[in-house]
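Contents: one structure, followed by commentary.
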Amino acid sequence: MDQISVLAAAGMQSRMQSLDLVANNLANSSTGGYKSDGEFFTLFSSEAAGEDASGPSSVPMIQRQWTDFGQGLLEPTNNPLDFGLSGKSFFVVQGPSGPLYTRNGNFRFNNTGALVTNEGYPLLQQNGQPFKANTAQPLQVSLDGEINQNGGSIGRIKLAEFHNPTDLTKYGANYFTNSTGQEPMDATGSQIYQGKIEASNVSASHGAVRIVGLSRQFEMMQKAITISNDMGKKAIEEVAKV
Amino acid sequence: MIRALFSAASGMNAQQTNVENIANNIANANTAGFKARRAQFQDLLYQNLIQPGAAATQNTVVPTGLQLGLGTRAVSNEVIFTQGDFSETDNPLDMVIQGNGFFQVLQPSGQLAYTKAGTFHLNNTGQIVDPNGNLLDPPITIPQNALSLTIGSDGTVSYTLPGQAAAQQAGQIQLANFVNPSGLNSIGQSLFQQTDASGAPVIGAPGGADGVGSLMQGYVEQSNVSIVQEFVNLIVSQRAYEANSKVVKAADDMYQQVNNLKQ
């Protein structure tokens, strides 16, 4: 295959992966605490690229995605067990195999009075234990995460902050896992708003613009392949004419 | 590529569920004791195309991998048990619960069901029943010749008989409270049923020490649906649906162009 086709085909393939990312973002535009993904392009250079000076030997590819950890809008829900998080930290819940981190502050009581996520994973308090609340009593959460019931504190919500949140891996179901094993720090400057929930930070308009851009780029590269094919065809059919 | 199509389809499905939920809320905006529900979504699993921490070369590792998500799903629509507005009806058997708790009614199957809708009536034998004829539990009977009916904030039902000065007590209404009311199962007709998730009911007298709310006679609790909020949600949901359909279109166009490569 000739250079142009290889390059353009790689470009097309990476635009398809970009569309996959955009599709997932837009699909999750109503997912509480969802953080949108973007992609990082890089050039894949073949081993021969250094020696071969005759032309480009590198093709574009998506090396990795990055997650935009920007703040989502805090939507009022009037549910006293919805905790909207502002700042850079994460709620810590006890997953089946170690701690999971989430920005989705939609909790409920389980039948023992612990605050749990939709999957039943308990929200942890500062000392690493689940909460134990009297579910018949109203519950107030202060901005710094202190949960009060009946005038007394029943514990403080544990928040984790990461020096480099890009090391977090998406786990599905609004959770992140700490894939690199960096120690989470104590949260600074985060506030918890009771009765609100952090909406997805996906921007629909941004997604729409991305779709247009991707479609047009894809079209250009498809044209490039067509032109390259035509050139090859001409070269074979007309130049070789005797 | 198929990923983009299915992710967008999952997004459209989720928004459809959202609209269905909004429609049910709006349809019940005037249902006494109705509690609005709110749909919750989650992202689905991620495909790891490049594993974080995988070896890039012999000496270096990939710092973060390439994860492509596979869309979203509607995971629950939880009931929001905030208090609805009270409207005065002057019907002696209309009651609202100020605070936590549910009325208990006995279904014809013999199972107890729980409701927030405090619109009760008397049946032909003088027993207090809900609009579907289910008996209030514990059962309370009012004699036919009773003149006035009073329900105290602690649930005590009393009436006076003709020619008697002293009021007679007919019984006390008991309310049920749940550890996790969001885990109750809606069975229609404003009734809920207990599940493993809700836990067993804690029965107590209204306004008592068990944390259940007190009763107020002559009022009905309106639904807690906020029409403004529902319409805002509807607009957002419709736009999100549209955005997802655009992804389907873009993916389809890309496919078409790939097919056109071969001339």
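Worth a mention:
- Residue count for region B:61-115, restricted to those that are within 11 Å of another protein chain (Cβ to nearest Cβ), more than 30 Å from A:GLN65 (Cα to Cα), of a type in the set (A, V, I, L, M, F, W, C) and not in a strand (DSSP E or B): 2
- Residue list for region A:32-89, filter: within 13 Å of another protein chain (Cβ to nearest Cβ) and at pLDDT below 75: A:PHE44, A:SER45, A:GLU47
- Test: A:THR77 is of a type in the set (Val, Ile, Thr), under 30 Å from A:LEU19 (Cβ atoms) and touching a residue at least 40 places away in the same chain (Cβ under 8 Å): no
- All told, A:GLY113 meets the bar of being part of a loop (DSSP other than H, G, I, E, B) and either crowded, with 22+ Cβ neighbours inside 10 Å or at positive phi (or both).
- Within region A:11-29, tally of residues that are part of a helix (DSSP H, G or I), within 7 Å of another protein chain (Cβ to nearest Cβ) and touching a strand residue (DSSP E or B) at 6+ places or on another chain (Cβ under 6 Å): 5
- Residues of region A:185-210 that turn out to be more than 24 Å from B:ASN233 (Cα to Cα) and aliphatic (A, V, I, L, M), as a count: 2
- Residue among B:THR160, B:THR119 that is closer than 29 Å to B:ALA27 by Cβ and in contact with a strand residue (DSSP E or B) (Cβ under 9 Å, 6 or more places away or on another chain): B:THR119
- Scanning region B:137-161 for residues being assigned to a strand (DSSP E or B) and closer than 17 Å to B:SER214 by Cα gives a total of 5.
- Among the residues of region B:237-250, those identified as under 21 Å from A:SER200 (Cβ atoms) and of a type outside the set (Asp, Glu) are B:SER237, B:GLN238, B:ARG239, B:ALA240, B:TYR241, B:ALA243, B:ASN244, B:SER245, B:LYS246, B:VAL247, B:VAL248, B:ALA250.
- Residue that is surrounded by the most Cβ atoms within 10 Å (Cβ to Cβ), among those in region A:90-110 that are more than 14 Å from chain B (Cβ to nearest Cβ) and among the polar types (S, T, N, Q): A:GLN94
- The strands (runs of 3 or more DSSP E) located wholly in region B:175-263 that include 1 or more residues which are within 12 Å of chain A (Cβ to nearest Cβ) and touching an Asp or Glu at 6+ places or on another chain (Cβ under 6 Å) occupy B:202-204.
- Check on B:GLY218, under 30 Å from B:SER158 (Cα atoms) and in contact with a Pro (Cβ under 8 Å, 6 or more places away or on another chain): yes
- The residues on offer are B:SER237, B:SER223, B:SER214, and the sole one that is surrounded by 18 or more Cβ atoms within 10 Å (Cβ to Cβ), in contact (Cβ under 8 Å) with a residue 12 or more places away in the chain and within 30 Å of A:LEU26 (Cβ to Cβ) is B:SER237.
- Test: A:LYS241 is assigned to a loop (DSSP other than H, G, I, E, B), more than 30 Å from A:PRO80 (Cα to Cα) and over 21 Å from the mean Cα position of the chain (by Cα): yes
- Members of region B:11-47 that are assigned to a loop (DSSP other than H, G, I, E, B), surrounded by fewer than 17 Cβ atoms within 10 Å (Cβ to Cβ) and within 11 Å of another protein chain (Cβ to nearest Cβ): B:LEU45
- Of the residues making up region A:122-166, those that are in contact with a Pro (Cβ under 8 Å, 6 or more places away or on another chain) and free of Cβ contacts under 8 Å to residues at least 40 places away in the same chain number 6.
- Residue in region A:174-192 that is without any contact (Cβ under 8 Å) to a residue 24 or more places away in the chain and assigned to a helix (DSSP H, G or I) present: no
- Residue check for A:ALA208: crowded, with 16+ Cβ neighbours inside 10 Å, hydrophobic (A, V, I, L, M, F, W, C), closer than 30 Å to A:ARG103 by Cβ and without any contact (Cβ under 8 Å) to a residue 12 or more places away in the chain: yes
- Residues of region A:175-226 that are among the polar types (S, T, N, Q), at the interface with chain B (Cβ under 8 Å from one of its Cβ atoms) and more than 24 Å from A:SER29 (Cβ to Cβ): A:SER179, A:THR180, A:GLN222, A:THR226.
- Residue ID - modelled with the lowest pLDDT, chosen from residues in region A:111-133 that are touching a Gly at 6+ places or on another chain (Cβ under 6 Å) and facing another protein chain (nearest Cβ under 10 Å): A:ASN111
- Only listed residue being within 24 Å of the chain's Cα centre (by Cα) and surrounded by 19 or more Cβ atoms within 10 Å (Cβ to Cβ), chosen from B:GLY133, B:GLY183: B:GLY183
- Among the residues of region B:108-128, those identified as under 23 Å from the mean Cα position of the chain (by Cα) and hydrophobic (A, V, I, L, M, F, W, C) are B:LEU112, B:ALA113, B:ALA117, B:PHE120.
The values are calculated or read from the model by the stated rules, or taken from the named source; none is laboratory data. Note that the structure is predicted; figures quoted are calculated from it, not measured. Cβ: placed from backbone, ideal geometry, glycine included. Neighbour counts: every protein chain shown.
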